[in-house]
Amino acid sequence: MTTDLLMALDLLVSVLTAAAWVGAGVTAAARRPRTAAALFAVALVASLARVWSVLALAGAGWWFVQEKITFVLPLLVAASAAATALAGPRVLRAARRADAASRDAVRAPVVVVPLLGAGYAAAAGIVQTFLIGYPADPGTALLLLAVAAGAVLGTWRAMSTHVPGLRTATAATAVAAVLGAAFVFLPSTPATAEGSAPEAAAAMGEMGSASHDHSASGGSASAMGGTTRPVTDLRGPAAPPPGGAVRRFELTARTTTVTLSSGRKVPAWTFNGQVPGPPLTAEQGDLVEVRLRNADITSGVTLHWHGYDVPSGEDGVPGLTQEAVPPGGEFVYRFVAAQVGTYWYHTHEVSDLGVRMGLYGTLVVAPKGTAAAGVDLTLPVHTLGGVLVTGDRDQPLVRQAAPGTPVRLRLINTDNTPHRFTLAGTPYTLAAVDGTDLNAPGTLGRVGLRLAAGGRYDLSFTMPSGPAVLRIDDRTDSVRLVPASGSPGEPAAGAAPTTGGETADAGAASTAGGETADWPELDLTRYGAPAPTPYTSRSRFDRDFTLVLDRGLALTNGRPAYAHTVNGHAFPNIPTEVVREGDLVRLTVVNRGRDTHPWHLHGHRVLVLSRNGHSVTGSPLWLDTFDVRPGEVWEVAFRATNPGLWMNHCHNLSHADLGMMLHLAYEGVTTPFHGAHSG
Ligand SMILES: [Cu+2]
């Protein structure tokens, strides 16, 4: 059984357990011994099932059961045992007789209170899992215990004028509640996580918690004789390397109304009045220079180069690497186009809203000296104004291509949630993921490709003699390639984009799609062939960080929220991960929640080591965004070779907005900005 299924089962059993205990108590109080006995039996079985489901879940890892083993189960077992011992015999006896006297007998406090008490205990466990999440701490456990105890005392007092030891019990409960609250609300969060390198803790000291002040790290680094650098010094060069050209672009952010291909008008935030923004292209070795201006985006705007490992000062994170560009302001980004492949850019200031409204575009870097051959389509997929668009089209893009033409489709998911792509009508290969070519990718057909939010897939094939259809989420045709009439079989490199163009012949390729919903999903960890990698899961790691993703009550940006949490905290209270240049770093990302979290580290590609304990057996997978689904555990690694201050966050930007982001900081790098904002 998968961890996700076990989590769902455990939840179901926990709700059933609480409901059955409470139901037994309520029906006993209502003088219905037979129903009470039946519910008591259900509660007992459910409680035992809960013990089983938690122990089964423990097999997936301690992260999934920590609060259950340390708090939820002990409380449930104790309360269920008490209820069984005190109320069980009386309820069963009354159910057998079912006369007036036994009906009165089951409404006695000695029956009802323990039954309801077990229900309260079971409910406290659900609250612990859902409101507090991972990790349970003594404070919340004490607080919840006090609440459950208070409910028991209140019930008892409501049923009976004399509760023995009521004052003492009430006082003890109040003390427990105060102690628990003190644990919970007096912050003791360290602001940095040191991974597995204890010597770094001494070197770094505390980086300051509430202010999240990265300059403090510089202070302690200089105190021990290290050098410090402000992130504003970590900028791209003014000139390209020898042989490279300068590619200049100007992007002006402004609000406007864009018109989709169907004529539908959508209010949007745009770069240069268009959604997506202008496509940026370069050849490897060029210097990309982008002048960003802000016309009227009042919340400000920046440019982040998703998946592109630019110098930290060019990374476009407001409050960390620069201030957001206000209306009337500008900022010039420069970086060398070192990585080949498919990438994208987007604002990082109020990015959840900004990207959703349209502040994004594509960045494609071609190998040096290669002329574009055949059909090469860059296809950012986005939900704009509630409509799924590919590029700026809310209708299928229909292109003619001569059979034999090489075709490359660059799929980019700029949404917050994954999309499933299918390509029908031709065999193809998944040539590159997140900009990096796969090793020996095999031929595919009739599979679904699930693309994480923020991720990219490059599909490659030769134009067949029939139509080929790219479909999104098994319902929206995105691209229809139809064979050009005239010269079937003849290679027509470069001809298709110019001679083909968009046609209104929407029906021509409609048959190639067919039903795709039952096509199985490609497992990327088993696709392609292995190849040597600079490090593996057997390497010695300088730092080891674990991120347990969950939901829970937490402060995020100063306000209490039902946040998306990392290790029980929300931004900016998640400890900053500190690394030293050259470190080999392992990240373990665990998803305990019910949502998918596309995890995205800025400034570095990560190598996937394993997913759910299974090593990658196909091509090495270098990703910048990996989709951590409910119940999944991903181990990834990277070499810390890009000094700076970086965001490490969920790329479902609404999750990030609700706390699911943190910083990864290189020792000695400081920021002159306030540091607590991230966009
Ligand atoms: Cu998320």
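Looking at the stretch 570-579, can you tell me whether even one residue there is open to solvent by less than 10 Å² (accessible area, probe 1.4 Å), at pLDDT below 95 and within 13 Å of the ligand (Cβ to nearest atom)? There is at least one residue in the stretch 570-579 that is open to solvent by less than 10 Å² (accessible area, probe 1.4 Å), at pLDDT below 95 and within 13 Å of the ligand (Cβ to nearest atom).
Okay, residues lined up against (1) in contact (Cβ under 8 Å) with a residue 60 or more places away in the chain; (2) over 21 Å from THR302 (Cβ atoms):
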{"position": "VAL332", "(1), (2)": "no, no"}
{"position": "GLY341", "(1), (2)": "yes, yes"}
{"position": "HIS348", "(1), (2)": "yes, no"}
{"position": "SER351", "(1), (2)": "yes, no"}
{"position": "ARG356", "(1), (2)": "yes, no"}
{"position": "LEU363", "(1), (2)": "yes, no"}
{"position": "LYS368", "(1), (2)": "yes, yes"}
{"position": "VAL375", "(1), (2)": "yes, yes"}
{"position": "LEU388", "(1), (2)": "yes, yes"}
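Restricted to the stretch 662-679, and to residues there that are within 16 Å of the ligand (Cβ to nearest atom) and open to solvent by less than 10 Å² (accessible area, probe 1.4 Å), the residue that is nearest to TYR562 (Cα to Cα) is LEU662. SER654 passes every criterion in (1) surrounded by fewer than 24 Cβ atoms within 10 Å (Cβ to Cβ); (2) more than 11 Å from the ligand (Cβ to nearest atom) apart from (2). Would you call PRO311 touching a Phe, Trp or Tyr at 6+ places or on another chain (Cβ under 7 Å), modelled with pLDDT of 95 or more and farther than 17 Å from PHE271 by Cβ? Yes: the conditions hold for PRO311. If LEU584 satisfies every condition in (1) more than 15 Å from the ligand (Cβ to nearest atom); (2) under 23 Å from VAL65 (Cβ atoms); (3) among the aliphatic types (A, V, I, L, M) but one, which is the exception? Going through the list (1) more than 15 Å from the ligand (Cβ to nearest atom); (2) under 23 Å from VAL65 (Cβ atoms); (3) among the aliphatic types (A, V, I, L, M), LEU584 breaks only (2).
Being open to solvent by 20 Å² or more (accessible area, probe 1.4 Å) and hydrophobic (A, V, I, L, M, F, W, C) is a property that does not hold for ALA36. Note on the stretch 539-560: among residues that are in contact (Cβ under 8 Å) with a residue 40 or more places away in the chain and outside any strand (DSSP E or B), the one that is farthest from the ligand (Cβ to nearest atom) is ARG540.
Considering only the stretch 637-645, I want to know if a residue exists there that is within 11 Å of the ligand (Cβ to nearest atom) and either open to solvent by 10 Å² or more (accessible area, probe 1.4 Å) or over 12 Å from the mean Cα position of the chain (by Cα) (or both). No, that holds for no residue. Restricted to the stretch 326-352, and to residues there that are over 27 Å from the mean Cα position of the chain (by Cα) and open to solvent by less than 10 Å² (accessible area, probe 1.4 Å), the residue that is farthest from GLY244 (Cα to Cα) is TYR333. Screening LEU359 on (1) among the aliphatic types (A, V, I, L, M); (2) out of contact with any helix residue (DSSP H, G or I) (no Cβ under 6 Å at 6 or more places or on another chain); (3) crowded, with 24+ Cβ neighbours inside 10 Å; (4) farther than 26 Å from PRO318 by Cα shows it passes everything except condition (4). Across the stretch 39-80, which residue is surrounded by the most Cβ atoms within 10 Å (Cβ to Cβ) among those that are outside any helix (DSSP H, G or I) and free of Cβ contacts under 8 Å to residues at least 12 places away in the same chain? Ranking the qualifying residues of the stretch 39-80, first place goes to VAL65.
For ALA468, the conditions (1) within 27 Å of VAL381 (Cα to Cα); (2) open to solvent by less than 40 Å² (accessible area, probe 1.4 Å); (3) modelled with pLDDT under 95 all hold with the exception of (3).
How many residues are β-branched (Val, Ile, Thr) and at pLDDT 95 or above when one looks only at the stretch 28-50? Number of matching residues: 2.
The condition (being more than 20 Å from HIS651 (Cβ to Cβ) and not in a loop (DSSP other than H, G, I, E, B)) is satisfied by just one residue among THR281, THR342: THR281.
For the stretch 590-612, how many residues meet the condition of being more than 16 Å from the ligand (Cβ to nearest atom) and either open to solvent by less than 40 Å² (accessible area, probe 1.4 Å) or more than 27 Å from GLY552 (Cα to Cα) (or both)? Qualifying residue count for the region: 8.
Exactly one residue out of LEU12, LEU16 is free of Cβ contacts under 8 Å to residues at least 12 places away in the same chain and either assigned to a helix (DSSP H, G or I) or surrounded by 21 or more Cβ atoms within 10 Å (Cβ to Cβ) (or both): that is LEU12. State yes or no: is ALA101 more than 25 Å from GLY139 (Cβ to Cβ) and either buried (at least 18 other Cβ atoms within 10 Å of the Cβ) or touching a residue at least 60 places away in the same chain (Cβ under 8 Å) (or both)? Judged against the criteria, ALA101 is not a match. Can you confirm whether PRO520 is open to solvent by 10 Å² or more (accessible area, probe 1.4 Å) and not hydrophobic (A, V, I, L, M, F, W, C)? For PRO520, the condition - open to solvent by 10 Å² or more (accessible area, probe 1.4 Å) and not hydrophobic (A, V, I, L, M, F, W, C) - is met.
Tell me, yes or no, whether the stretch 613-620 has at least one residue that is open to solvent by 10 Å² or more (accessible area, probe 1.4 Å), outside any strand (DSSP E or B) and on the phi > 0 side of the Ramachandran plot. The answer is yes; a qualifying residue exists. Scanning the stretch 603-638 for residues that are of a type in the set (A, V, I, L, M) and under 24 Å from PHE335 (Cα atoms) yields a total of 3. Return a yes/no flag: does the stretch 438-454 have any residue that is touching a residue at least 40 places away in the same chain (Cβ under 8 Å), assigned to a loop (DSSP other than H, G, I, E, B), on the phi > 0 side of the Ramachandran plot and buried (at least 23 other Cβ atoms within 10 Å of the Cβ). Checked against the condition, which is being touching a residue at least 40 places away in the same chain (Cβ under 8 Å), assigned to a loop (DSSP other than H, G, I, E, B), on the phi > 0 side of the Ramachandran plot and buried (at least 23 other Cβ atoms within 10 Å of the Cβ), the stretch 438-454 yields at least one hit. Pairing each residue of the stretch 248-267 that is acidic (Asp, Glu) with any residue that is open to solvent by less than 80 Å² (accessible area, probe 1.4 Å) and in a strand (DSSP E or B), provided the two are 6+ apart or on different chains, yields C-beta distances under 6 Å for GLU250/ARG291.
The values are calculated or read from the model by the stated rules, or taken from the named source; none is laboratory data. Model, not experiment: these values are computed from the prediction. In this analysis, Cβ positions are derived from the backbone assuming ideal geometry, glycine residues included, and neighbour counts consider all displayed protein chains. Side chains are part of the model used for accessible areas, which takes the heavy atoms of the whole protein and leaves out ligands, DNA and RNA. Shrake-Rupley method; radii C 1.70, N 1.55, O 1.52, S 1.80 Å.
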